[in-house]
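Here the structure comes first, spelled out in structure tokens, and everything after it is commentary.
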């Protein structure tokens, strides 16, 4: 019976799962990047021995331009000897913000009526209902 670590080791070293191994190394790279670079990365990928960073703002292009040698040295440290160049660009799709509905609290209004009104109802049942309403208003004052 194999242990989990042996299964994962075989899984990551299999040639069929080379992309998974590369992605885990890239995730390690993202974790060791400085904070000012890490916050600007939308996602990243490799193609033809070039590492592409997709950024979420134009400002981060200058940061990556000035720190490209640092990124290349971090790549060598992790074990990416085959990557020769890095490129970066800004995505043209804006980031979608999740909408959280807010509970609206309505203000409490002061009571306007004091139960002083003329009861002009001609029907006896309607007259009694208006009188009950008058009594309820006077009780709540």
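The values are calculated or read from the model by the stated rules, or taken from the named source; none is laboratory data. On a predicted model such as this, the values are computed, not experimentally measured, just so you know. Cβ: placed from backbone, ideal geometry, glycine included. Neighbour counts: every protein chain shown.
Let's see how each residue does on (1) on the phi > 0 side of the Ramachandran plot; (2) within 26 Å of the chain's Cα centre (by Cα); (3) touching a residue at least 40 places away in the same chain (Cβ under 8 Å):
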residue: 56; (1), (2), (3): no, yes, no
residue: 66; (1), (2), (3): no, no, no
residue: 72; (1), (2), (3): no, no, no
residue: 80; (1), (2), (3): no, no, yes
residue: 115; (1), (2), (3): yes, no, no
residue: 123; (1), (2), (3): no, no, no
residue: 135; (1), (2), (3): no, no, no
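Taking the range 39-49 as the search range and keeping residues that are exposed (fewer than 15 other Cβ atoms within 10 Å of the Cβ) and either in contact with a helix residue (DSSP H, G or I) (Cβ under 9 Å, 6 or more places away or on another chain) or at pLDDT below 85 (or both), which one is farthest from residue 83 (Cα to Cα)? So the residue we want is 39. Of all the residues in the range 84-113, those that are in a loop (DSSP other than H, G, I, E, B), touching a residue at least 12 places away in the same chain (Cβ under 8 Å) and out of contact with any helix residue (DSSP H, G or I) (no Cβ under 7 Å at 6 or more places or on another chain) number 4. Of the residues making up the range 15-38, not a single one is surrounded by 11 or more Cβ atoms within 10 Å (Cβ to Cβ), farther than 20 Å from residue 83 by Cα and more than 22 Å from the chain's Cα centre (by Cα).
Which residues, taken from the range 50-71, are surrounded by 13 or more Cβ atoms within 10 Å (Cβ to Cβ) and farther than 17 Å from residue 85 by Cβ? Correct list: 56, 57, 60, 63.
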